[in-house]
Amino acid sequence: MQSTISIFYHSFQAELLKIQRTPILYIALIGGVFITGLIFIMHLFNAEGLIEPGRDPWMMYFDMGYAITCMALLVPYIVILMSSMAYLEHNASAWKYVYSLPIAKSNIYFSKLALALLLIVATYIIYFLSVWGTPYIVDLIHPEYGFRAATPELGNWIRRLVRSFLCILAVVGLQYWVSIRWQSFIIPIGIGLLGFIVAIICVLTGKYDYALWIPHAYASLMALEIGITEESDIVGLTKIGWFYRVELLSMALFVIFVALGYIEQMKQNVK
């Protein structure tokens, strides 16, 4: 067991070294601060339009950023990140060399996936810290918001971020599979952006039943959680225990897509 863990750890380290001089790390950083920066600027220059007496300024700040992130940022970010993870080998025609190493294909496959998930978690952490810290700066300039006088509900924020993370797992699995399956960078990007566009159309037009067939729509569906009751009639946001239906679907599809990609890699004979 120790030997297997050690080999996987070294494979993971190798993947981490590969991306140190690539834009992938910058994608993770920018993805974590982009929307927060946008909300920060909106609050800074539109105080009169955003101040609502009696409303929790922290929740308004977080809800605005959370909705925009789930609807507009998460899926394109995942598509770009997952497509980039396999592009390094595709671009250098290095799969033959990688698979010639005395390392099991499974270690190579899952170490890349583990690194991608770690980068996504890092993006979430950066986002959380930025959305928690920037209101204090806003309050120094516009104390009428009342950020320092109120207490942020960090537990509720973390719960929502965890739910959105679960909802993007299906896209992670799908985009990882197609990015490794096709050598062209355009194909996984095209599949991802097409799925994103169709997903947004379905959600914005209220076609929630169709949206459940599109993994790229799950994060947008989760954004609709803001303001709903426990007995939501939105398809996908009905609860099964602690989880929403859309979360369970996302986790199940993640396992299926990762398994399909793994089976293909085990059968692949790179020449």
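Here are a few things to note about the model shown:
- Pairwise FRET efficiency - L29 versus A114, Cβ, R0 = 22 Å, nearest 0.05: 0.70
- Cβ-derived FRET efficiency at R0 35 Å, I41 paired with V121, nearest 0.05: 0.85
- For the residue pairs K18/K105; K112/K207; K112/K267, the alpha carbons lie more than 23 Å apart in K112/K207.
- As an equivalent ellipsoid, region 141-205 spans semi-axes of 37, 15, 13 angstrom, where each value is the square root of five times an eigenvalue of the C-alpha gyration tensor, largest first.
- Protection-proxy order for peptides 124-137, 57-70, each taking the mean of Cβ atoms within 10 Å per residue, highest first: 57-70, 124-137
- Computed per residue of the chain from DSSP H runs no shorter than four, each worth -39500 (n - 2.57), the mean residue ellipticity at 222 nm is -24000 deg cm²/dmol.
- With kT/(6 pi eta Rh) evaluated at 10 °C and eta = 1.306 mPa s, and Rh the Kirkwood radius from Cα pairs, region 111-227 diffuses with a coefficient of 96 µm²/s according to Stokes-Einstein.
Any read-out appearing in this document is the output of simple, stated calculations on the displayed coordinates, not a laboratory observation. No experiment lies behind these values; they were computed from the predicted model shown. Glycine also receives a Cβ, built like all others from the backbone with ideal geometry; neighbour counts cover every protein chain displayed.
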